[in-house]
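Read the structure below first, then the notes.
The values are calculated or read from the model by the stated rules, or taken from the named source; none is laboratory data. The model shown is predicted, which means the values in this text are computed figures rather than measured ones. Positions of Cβ are backbone-derived with ideal geometry, glycine not excepted, and every protein chain shown enters the neighbour counts.
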Amino acid sequence: MEHHALDSRQRRVYHRARELAINNERQYHVAAILRRKGRVVRIGENTSKTHPRFKRQYKDGTWGSHMHAEMNVLRFSQPGDTLEVMRFTKKGMAMAKPCVHCMQHIVQSGITKVSYTDENGQWKHMHIKRSTK
Ligand SMILES: [Zn+2]
């Protein structure tokens, strides 16, 4: 994952995230980790479960309401929380940059920082400006 050593607690968090994502019975295996002051609040995977808050229309006109991993944990977020998004494949990692729908919810939630894995399993970081609304 990262080049520097992870402590055992972090290792367990990422292991749990991978387990959830790989076993989600979806085509894509994504996990999101919501943290508050560094502590894990919630780990969620993308799921076929739906939630009315996250109903959205795609460019082709079809509607989706199954939850992406980010949506799955944003339900429990508070302003100032941080989010890590990881996408796993059977062999390794894949790009986990949040989609436009998730980004809207991330901004609205007051999340201040998003990290996501790229196809090499390296972290990319985004700092979110707080909404003034
Ligand atoms: Zn998304």
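Before moving on, here are some points about what is shown:
- The residues listed here are 62, 82; of these, the one that is at pLDDT below 95 and β-branched (Val, Ile, Thr) is 62.
- Close pairs (7 angstrom Cβ cut-off, 6 or more residues apart or separate chains): more than 15 Å from the ligand (Cβ to nearest atom) in the stretch 92-119, of a type in the set (Val, Ile, Thr) anywhere: 93/117; 112/82; 112/128; 113/82; 113/128
- Residues within the stretch 36-53 that are farther than 18 Å from residue 87 by Cβ and not in a strand (DSSP E or B), tallied: 5
- Within the stretch 76-85, the set of residues being away from the ligand (no atom under 13 Å from the Cβ) and either assigned to a strand (DSSP E or B) or within 16 Å of residue 13 (Cβ to Cβ) (or both) comprises 76, 81, 82, 84.
- Qualifying residue in the stretch 59-75 (condition: of a type outside the set (A, V, I, L, M), touching a residue at least 40 places away in the same chain (Cβ under 8 Å), surrounded by 22 or more Cβ atoms within 10 Å (Cβ to Cβ) and away from the ligand (no atom under 13 Å from the Cβ)): no
- The set of residues from the stretch 30-58 being free of Cβ contacts under 8 Å to residues at least 12 places away in the same chain, under 16 Å from residue 100 (Cβ atoms) and not polar (S, T, N, Q) comprises 55, 58.
- Selection from the stretch 1-29 of residues that are assigned to a helix (DSSP H, G or I) and either over 22 Å from residue 120 (Cβ atoms) or without any contact (Cβ under 8 Å) to a residue 60 or more places away in the chain (or both): 8, 9, 10, 11, 12, 13, 15, 16, 19, 20
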